[in-house]
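Okay, so here's the structure we're looking at.
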Amino acid sequence: MKRILSTILLVAILTLTLLGSLTSCGGGGGGGGAAPDFVMPEGGFDTSKEVTITFYHSMGAGLRDILDDAIEDFGKIYPNIKIEHQSFGDYDGVRDQIKQEVLVGDQPNLAYCYPDHVALYNDANAVQTLDIFMTDAVYGYTEEQKKDFVAGWLAEGAAFGDGKMYSLPLSKSTEVLYYNKTYFEKHNLSVPTTWDEMEAVCRQIKALEGDACIPLGYDSESNWFITMCEQYESDYTSAVGDKNFIFDNETNRAFVERFRGWYQEKLVTTKALNSNAYTSNLFTGSSTGGTRSYMCIGSTGGTVYQQPKMVDGKYEFEVGVAQIPQINPAKPKVISQGPSVCLFKKADPQEVLASWLFAKFLTTDINFQAAVSMNNGYCPVIKSVIENPEYKAWLDTAGTSNLQAYGVKAALEHADSYYASPAFLGSSIARDQVGLLLTKCLSEANASDIKAFIKSAFEDAVEECEYQAGQ
Amino acid sequence: MKDNVTGSSASVKTMRERDMQKVSATQKIVKICVQVALYLFLGVMALIILFPFYWMLVSSVKTMPEYSQSIPSIIPHEWDFHNYVEVFQNEDLLLGQLFANTLFVGVVSTALSLVITVLSAFAFARLEFKGKNLLFAALLATMMIPGELFTITNFQTVHSFGWMHTFTVLIVPFLVSVFYIYLLKQNFQQVPNELYLAAKVDGTTDLKYLWKVMIPLALPTLISITILKMMGSWNSYMWPRLVANDDAHRLITNGLRTAFTSADGVTDVPLQMAAVAVVSAPLFLVFVFLRKYIMKGVSRSGIKG
Amino acid sequence: MGEKIKSFFAGLWQNIRTFFKKRVWQGFCVNVLYKKFDRYKAWIYLLPAIVLLMIFTVWPIFNTVRMSLLEGYTSMKAVRGVEFELGIGNFTRVLKYKGFINCLKNTVLLTVLTVPISTFLALLIAVCLNSIKWFSRALQTIFFLPYVTNSIAIGMVFAAMFNMILGGGVRPDFVGVVNIVIEAFGGDYINWMNAGSEYWANIVVMTVYIVWNALPFKILILLGGLQSVNKQYYEAAKVDATPRWRVFTRITIPLLSPMLAYVIITGFIGGFKEYSSIVGVFGESMGPAGNHYALDTMVGFIYRAIGNQEGTASAAALILFAIILVVTMINLYVSKKKTHY
């Protein structure tokens, strides 16, 4: 019977040592998780062997159908590549899933990504850089294809401070100014192109409408802050050097203080300050309380929400779309958003090569790019999409009844104005924090010394960033 | 007073009686006043306790326009029950699935947990073995430690087991509750040892004895444990959110917290309140029918949910 | 890794099977083996509990201490193969961090506000319930109702009651029922929990909700205590015509002191672990719009650090444990001096 006792003891000891080894492997210093860097296999891509790759994304049902079509087309070129794909709801869902999988070395082959996600995965050394493919004579992009990309969007994949390419743009959106064209024409208002003009127009509208109106809504506080930094060419973040979070400076504090004045005068509001409802609600007049706005700065990815209500078969008002106000109209700056795609390291180079081929297909296939754009109002990342006749016809219907096309058209016109923020581990922390910082400063009504309040809020935000980024 | 001293004993007695009567009359008035005050106080407190429930129900039958009037109505103008229909059809909420998930996790983890608890409690209560007291003391000591401390590592552990986004991860880590073992052990110990020895002489196996004698005797405690455990899975929030927050495995509390913001960011509060009412209903039903056990269990456990 | 686990569990299963086949089952069936089996069966009954506790309770205790002592430990870095130095850096980092101090402040503030208020109210209600004749049962049931609710769900109801949507006009676009009541009594609207609301207002909302939530358990315990108090004490007091409040302070409170100590201790422990009620009311931003994490608590801090900053999360968890331990010790010490058993 001693055996029984020893079995129990054995089980207990085994459990503990197993757990110990598990966590020391996952925790101590094994470092076995990361796959090797890609080396181009001799003989190139092996078309004789079947290879399965997985793609994580956050597509809704409509986009998934489009993706399935694209996979079918891709299969005609590379019949031996099988593609499995899975949606994780939203960008954060994809990130959280992959983050967990990276820890055990079980990541997918390619995935939807935002720059900071790439930096996160790369903290575990899991992302495959793309330069080796980009320049490859056989499998890379042709010069023509490279030029076809909207330059600012392609550059985003190389904003990691080391000059290497980590991701490819898949479909993009930007921010535009939606305005109530009918109202503007009726009152003979001109569409603002600079922030000074914006202030003037807001005051005019406020004088016309009185209390029950907030002339301008800005959906994203983070975008607002970051874009202002770009427009002022003031410091925001840096992917290199000791200090990543450099947004606490005189210029930035000044514009925050200025916008706070606007908010306190009820000239402007943001999503967080509008009880977390998109400000498009105020713009289209569907806000629950009846407060109206006449301008709205929002994403071209959410154009449908800017659509006014139908009254007697007609839209209540005409919507105009314009570039967001600038500091220097000669050098306009607008943000770019939307998913990119990144590749992950894998032990088998054939798998990595196959996933590159698929990524390349998605970024160069005009049918896929056009279909996605028509489905969700995001911009295609290549200019040649316009050669797709169906897409061209769709773009031509741009107007209040087809606001999505209107938004896409406007976004395409900004092709030279896109900037890319530095991407690094913690860039999303900075993004979140400046959004919170702006909201906090705008909504502060009681501080006796507002300059001091803003100063300490900036300091806190930098400290918070540095803490969260583990510095 | 003078009478009291000088008067006959009889008159003293009547005076006292009269006094007593007087006193008891005022006492009666005071008593009634006190009672009225008590009922008033309790009534007001009860209203405060009940008001959130009332508000939840009232809001859930309002239409969105009525709800969003700048001054809310205390009694809805029109009763609109479509929210209750919609709650079950809402594709973001998937209430049916949430219920099914929660029920599944609740039932399985309760059943397994009961088996483990009964066996352990039996070992501690009836059997003699080396290190029993030491082991039991060690177990009790772990109760001191806040659960959050375990969560950090358990997250890594289940992760390296490959259990993420499964029902296993929602069930297995919480199967053993030292507290329930303790509770049941106390209960088992009240059964006289002679019974066990007699059963042993008869050749009854332990399991049979457990099943035939101990379990029936400890039934009230077991029911209390069952209810608390079920309530636990109904209310659990953080762990499921960390490890199984996908459509197929999401539990009810998580679904509730996240599902109600529409694409344009406006919370449909009436719909939300209807969902809250629907989700709370099973707990209320359980409470109505098993009030005695819940109260008993709670008063001994000192834990919420 | 997967293989390792698989083979381990396969082995374990095999062990258990042969074990049951050969020994235990026979032990049950054949009386001859019965006595030998008897000596070890306790361990077999305890096996599932012990294994699970080893994995999900004992190991985490060791691992938490380990991670808290590895400077800047994160699992991501660990995968990359970073070596961590031994030290107390995580503790000093956490204690120097404003966000953590804020969590600590909120937790302590909410605890010292809610525990006395809810205990006092519960005591009052329990005493009242104990001295009325009619409707006692019904009222007891009502007062117990908040216990069987989902704290996140009812938190949403409280949020709807305190809410106020400001909009652009002079008057808010939407006013919650609490402000309506305030207005009815001639007060001004208070921005309880929306953008620009003040810290004290947020704390009031949370205090109201937490007290509401904590009452039923305390009432239940105290009422149970009152009902078990020997009636003779009160009879004696009646004969002496002792005034009511003296009866209360001299008889009821002392006799009830074990229960009071119990609800206060559990109240403190629960208070230091406050989290989901705040999520219920404010959502996971743990604060009003524009001031996220203004109401974050210790547990919230730990949860947010899980999965990205395990080192500091562990340090924070150990600090929380230490605080709870110390407070409980103090409570026990005080109650030992004041409690009459």
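Read-outs throughout are calculated quantities, based only on the coordinates presented, and are distinct from any laboratory measurement. In this text the structure is predicted, and so the values were computed from the model without any measurement. So basically every Cβ, Gly included, is an ideal-geometry build from the backbone, and we count neighbours across all protein chains shown.
The long axis of helix A:250-264 is offset from the longest Cα principal axis of chain A by roughly 60 degrees. With N as its number of residues, chain A has a Cα radius of gyration that, divided by 2.2 N^0.38 Å, comes to 1.10. Over all directions, the projected convex hull of the C-alpha atoms in the range B:83-301 averages 14.9 nm² in area. Kirkwood radius for the protein assembly as shown, taken over all pairs of different Cα atoms as the inverse mean of 1/r, rounds to 33.2 Å. Using the beta-carbon distance between A:Lys392 and A:Asp69 and R0 = 22 Å, what value does 1/(1 + (r/R0)^6) give for FRET efficiency, to the nearest 0.05? After rounding, the FRET efficiency stands at 0.70. With contributions of -39500 (n - 2.57) from each DSSP H run of at least four residues, the per-residue ellipticity at 222 nm computed over chain A stands at -13500 deg cm²/dmol. Arranged from fewest to most other beta-carbon atoms within 10 Å of their beta carbon, A:Thr279, A:Thr182 become A:Thr182, A:Thr279.
Between A:Ala254 and B:Tyr54, with labels modelled 7 Å along Cα→Cβ, what's the label distance in nm to one decimal, could you check? About 5.7 nm, to one decimal. The magnitude of the dipole of chain C, with charges of +1 and -1 set on the Cβ of Lys/Arg and Asp/Glu and taken from the Cα centre, is near 1820 debye.
Taken residue by residue and averaged, Cβ atoms of other chains lying within 10 Å of the Cβ of C:70-77 number 5. Normalised Debye scattering of the range A:149-236 at q = 0.10, 0.19, 0.21, 0.26 Å⁻¹ gives log10 I(q)/I(0) of -0.42, -1.00, -1.12, -1.39, counting only Cα atoms as equal scatterers and leaving out solvent. Taking the number of Cβ atoms within 10 Å of each Cβ as an exposure proxy, the fewest-first ranking of A:Cys379, A:Cys296 is A:Cys296, A:Cys379. Given q = 0.13, 0.14 Å⁻¹, what are the Debye log10 I(q)/I(0) values for the range C:92-338, with equal point scatterers placed on the Cα positions and solvent ignored? Log-scaled intensity ratios, in q order: -0.92, -1.02.
Counting only alpha carbon atoms, the long axis of helix A:450-468 and the longest principal axis of chain A meet at about 10°. Within the straight-line cut-off of under 18 Å between alpha carbons, the aspartates and glutamates reachable from A:Lys186 are A:Glu209, A:Glu316, A:Glu318, sequence neighbours fewer than 8 places apart in one chain being disregarded.
Put in order of Cβ neighbour count within 10 Å, fewest first, the listed residues A:Arg95, C:Arg250 become C:Arg250, A:Arg95. Placing R0 at 60 angstrom, the Cβ-Cβ distance between B:Arg291 and A:Lys82 gives a FRET efficiency of 0.55 after rounding to 0.05. In this rough spin-label picture, where each label sits 7 Å from Cα along the Cβ direction, the B:Gln186-C:Lys336 distance is 2.1 nm. Basic side chains Lys and Arg get +1 at the Cβ, acidic Asp and Glu get -1 at the Cβ, and with that the dipole of chain A about its Cα centre reaches some 680 debye. Positive end of the dipole of the range C:194-341 (Cβ unit charges, origin at the Cα centre): among C:Pro258, C:Ile306, C:Thr328, the Cα lying farthest that way belongs to C:Pro258. Just checking the listed ones, C:Glu71, C:Glu198, C:Glu183: in the Gaussian network model of chain C with Cα springs under 10 Å, the one fluctuating most is C:Glu183. Seen against the Cα atoms of chain A and their longest principal axis, helix A:349-364 is set at about 20 degrees. Put simply, when C:225-236, A:226-237, C:308-319, A:425-436 are sorted by average Cβ atoms within 10 angstrom per residue, most first, you get C:308-319, A:425-436, A:226-237, C:225-236.
When the Cα positions of C:Val115, C:Gln14, C:Tyr147 are compared along the charge dipole of chain C, C:Gln14 comes out farthest toward the positive end, with charges on each C-beta of Lys, Arg, Asp and Glu. Listed by chain and number, the aspartates and glutamates placed with their C-alpha closer than 20 angstrom to that of C:Lys133 are C:Glu235; residues fewer than eight positions away on the same chain are left out.
When the Gaussian network model of chain C links Cα atoms closer than 10 Å, the mean-square fluctuations of C:Pro48, C:Pro216, C:Pro172 top out at C:Pro48. Within a straight-line Cα-Cα reach of under 22 Å, A:Lys49 can be paired with the following lysines, leaving aside sequence neighbours fewer than 8 residues apart in one chain: A:Lys76, A:Lys82, A:Lys345, A:Lys346, A:Lys360. For the segment B:126-133, counting C-beta atoms of other chains within 10 Å of every residue's C-beta and taking the mean gives 4.
Simple point charges give the picture: +1 on the Cβ of Lys and Arg, -1 on the Cβ of Asp and Glu, and for the range C:69-133 a dipole about the Cα centre of about 240 debye.
Helices that extend 20 Å or more along their long axis by alpha-carbon positions and average at least 1.0 on the Kyte-Doolittle scale are, among the DSSP H runs of chain C, C:98-130, C:199-228, C:253-272, C:310-338. Think of chain A as having a plus end and a minus end, set by charges on the Cβ of Lys, Arg, Asp and Glu; of A:Ile132, A:Pro169, A:Ser427, A:Ser427 sits farthest toward the positive end of this dipole. The orientation-averaged projection of the convex hull spanning the C-alpha atoms of the range A:341-471 amounts to 13.0 square nanometres.
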